[in-house]
Amino acid sequence: MPKIIDARVIVTCPGRNFVTLKIVTEDGVHGIGDATLNGRELAVAAYLQEHVIPCLIGRDAHKIEDIWQFLYRGAYWRRGPVTMSAIAAVDVALWDIKAKLAGLPLYQLLGGASRTGVMVYGHANGQTVDDTVAQAIKYRAMGYKAIRLQTGVPGLNSTYGVSKDKLFYEPADAALPTENIWSTSRYLPTVPELFATARAELGWDVHLLHDSHHRLTPIEAARLGKDLEPYRPFWLEDVTPAENQESFRWIRRHTTTPLAVGEVFNTIWDCKQLIEEQLIDFIRTTIVHGGGITHLRRIASLADLYNVRTGFHGATDLSPVCMGAALHFDLWVPNFGIQEYMRHTPETDEVFPHAYTFSDGELHPGEAAGHGVEIDEDLAAKYPYRPAQLPVNRLEDGSMFNW
Ligand code: GCO
Ligand code: MG
């Protein structure tokens, strides 16, 4: 058996913080998994270091399912982003090892390629509608078949999704949370205007997406969905905070705009009702925050029964290790929808050399054995951890709101 003899957590900050778990077997094969939880990185690092790694030493790296069940059931305190990100890191590192031992790219172990490439969406954003559409035109020229549009809201100093650096977006911008101001009434009219201009300039041969980032009530979401219908969005994302899965019934009754939810979910239980009642069209939960490949496979299979497709979260705060693993999953999963692709900084790409490549609006995981992503530990050590938290939102009258 490939016995686990060592496991370590690597924390590095090549532009932003990433937590990586490296597992090493007796015969010298290693695997890596992403454990990054934006703004709460050290909580997962400690969970792995203190509570998980001691349990891994001496185990058979081939027993992925048994180790998953051990960590999930064995924690007693089930679910939650910290626990599930830690389990995900172990799971992905073990799949990496298994595929390396088999000498195969990971997607072959899942069932082989179902498609030739993975359609991704890029992020066009700007302070004004015209800036945003100009960005979208650039993405189109780069080959993207799907583009997310986010624009500044007049009267608000900063808006979710509008970045300083155009190809990357890092909201965790300070050691203590930055306080932003939010106004739904100022925001709501901006999105249909943005989509109308985008369709006029870009035409219809491109998928357009938008993220409301958990800020609407169900009835506001329903209205936005209706207002966007003429522009045929690919999806409208995270319209309400989804702790209350029932609220999607209200949105669904009023609009045919496709709905995407789930980047903050951690297990199948967070999306069970949404999927079974067919209240959503795309499930966004991804490998790093949802218990790894082993658990995402269950979510995707449940979703497939109800015509819900995958649309994995792929923001900059998910490391290239998560992206690599996600792309193998995407290449295989029968009910694939789309993959988010927010590019990493060149420093991040250097720390995490990877086999995946972009062309014609698609990513491909490559043919390297394993998931095809490595970590350069010497380089990683040159970028020490920097405290950074996500922003918070207040309404114009000072009340705390959702970010
Ligand atoms: C997205 C997300 C991100 C999150 C970020 C938080 O759709 O890409 O909403 O931008 O805000 O991942 O850490
Ligand atoms: Mg989102």
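Only the coordinates and a few stated rules stand behind these numbers; no lab work does. Being a predicted model, the structure only gives us computed values, none of them experimental. All Cβ positions, even for glycine, are placed from backbone atoms using ideal geometry, and neighbour counts span all protein chains on display.
If you take the square roots of the eigenvalues of the alpha-carbon gyration tensor of segment 4-105 and sort them as a ≥ b ≥ c, do you get rounded (a/c under 1.5), prolate (a/b over b/c) or oblate?
Values: a/c = 1.80, a/b = 1.23, b/c = 1.46.
Cα axes put segment 4-105 in the oblate bin.
Around Thr357, which amide H atoms from residues at least 5 apart in sequence, or from another chain, sit under 5 Å from its own amide H, with H modelled in the peptide plane?
His364, Gly366
Roughly how big is segment 1-141's charge dipole about its Cα centre, with Cβ charges of +1 (Lys, Arg) and -1 (Asp, Glu), in debye to the nearest 20? All intermediate terms of the calculation are to be shown ahead of the outcome.
Details: 15 positive and 13 negative charges, 39 e Å.
Magnitude of the dipole: close to 180 debye.
Please arrange Thr20, Thr256, Thr217 by counting, for each residue, the other beta carbons lying within 10 Å of its beta carbon, fewest first. Walk me through the intermediate numbers first.
On the way: Thr20 29, Thr256 12, Thr217 15.
In order of increasing Cβ crowding within 10 Å: Thr256, Thr217, Thr20.
Of Ser359, Ser247, Ser319, how do they rank once you tally other Cβ atoms within 10 Å and put the fewest first?
Values: Ser359 10, Ser247 19, Ser319 29.
If I rank by nearby Cβ atoms, fewest first, I get Ser359, Ser247, Ser319.
Taking the Cα centre of segment 56-209 as origin and charging only Cβ (+1 Lys, Arg; -1 Asp, Glu), how large is the dipole, in debye to the nearest 20?
Numbers: 16 positive and 14 negative charges, 88 e Å.
Result for segment 56-209 is approximately 420 debye, rounded to the nearest 20.
Return the sequence-ordered ³J(HN,Hα) values of segment 381-396 in whole Hz as given by the Karplus equation 6.51 cos²θ - 1.76 cosθ + 1.60 applied to θ = phi - 60°, using x for Gly and Pro.
Per-residue couplings from phi come out as 5, 7, 10, x, 3, 10, x, 7, 10, 6, x, 10, 10, 10, 6, 4 Hz.
Charges only on Cβ, +1 for Lys and Arg, -1 for Asp and Glu: so what's the dipole of segment 110-367 about the Cα centre, in debye to the nearest 20? Let's see the in-between values first.
Working: 22 positive and 32 negative charges, 128 e Å.
It comes to approximately 620 debye.
Give or take rounding to whole Å, what are the principal axis extents of the alpha carbon atoms in the chain, in descending order?
That works out to 60, 42, 42 Å along the principal axes.
I'd like the Karplus ³J(HN,Hα) series for segment 129-138: coefficients 6.51, -1.76, 1.60, θ = phi - 60°, whole numbers in Hz, and an x wherever there's a Gly or Pro.
For segment 129-138, the Karplus curve yields 4, 5, 4, 5, 5, 4, 4, 4, 5, 5 Hz.
Would you mind getting the Kirkwood hydrodynamic radius of segment 61-149 from its Cα pairs, rounded to one decimal in Å?
On the way: mean 1/r = 0.0601 Å⁻¹.
Answer for segment 61-149: a Kirkwood hydrodynamic radius of 16.6 Å.
What is the set of long-range amide H partners of Leu259 at a cut-off below 5 Å, with H atoms built 1.01 Å from backbone N?
HN-HN under 5 Å from Leu259: Leu236, Asp281, Phe282.
Just want the answer: with Cβ charges of +1 for Lys and Arg and -1 for Asp and Glu, which residue in Tyr121, Ala146, Gly74 is farthest toward the dipole's positive end in segment 72-155?
So the residue furthest toward the plus end is Gly74.
Specify the angular offset, from 0 to 90 degrees and rounded to the nearest 10, of the alpha carbon long axis of helix 81-102 from the longest principal axis of the alpha carbons in the chain.
Relative to the chain, helix 81-102 is tipped by roughly 60 degrees.
Charges on Cβ only, +1 for Lys and Arg, -1 for Asp and Glu, centred on the Cα centroid of segment 110-367; of Val162, Tyr306, Thr190, which one is farthest towards the dipole's positive end?
Ranked along the dipole, the leading option is Tyr306.
Output the 0 to 90 degree angle, nearest 10, between the alpha-carbon long axis of helix 320-332 and the longest principal axis computed from the alpha carbons of the chain.
In the chain, helix 320-332 runs at an angle near 80 degrees to the longest axis.
In what sequence do Val392, Val82, Val308 fall when counting other Cβ within 10 Å, fewest first? Kindly include the intermediate steps, with their values, before the conclusion.
Numbers: Val392 15, Val82 19, Val308 27.
Going from sparsest to densest Cβ surroundings: Val392, Val82, Val308.
Between Asn393 and residues 5 or more places away or on another chain, which pairs have amide H atoms under 5 Å apart, with H built 1.01 Å from N, and which residues are they?
Asn180, Phe401, Trp403
Using the Karplus curve 6.51 cos²θ - 1.76 cosθ + 1.60 with θ = phi - 60°, work out ³J(HN,Hα) for each residue of segment 15-25 in order, rounded to whole Hz, and write x for Gly and Pro.
Per residue, the Karplus-derived 3J(HN,Hα) values read x, 7, 7, 9, 10, 10, 9, 10, 10, 10, 9 Hz.
Output the 0 to 90 degree angle, nearest 10, between the alpha-carbon long axis of helix 218-228 and the longest principal axis computed from the alpha carbons of the chain.
70
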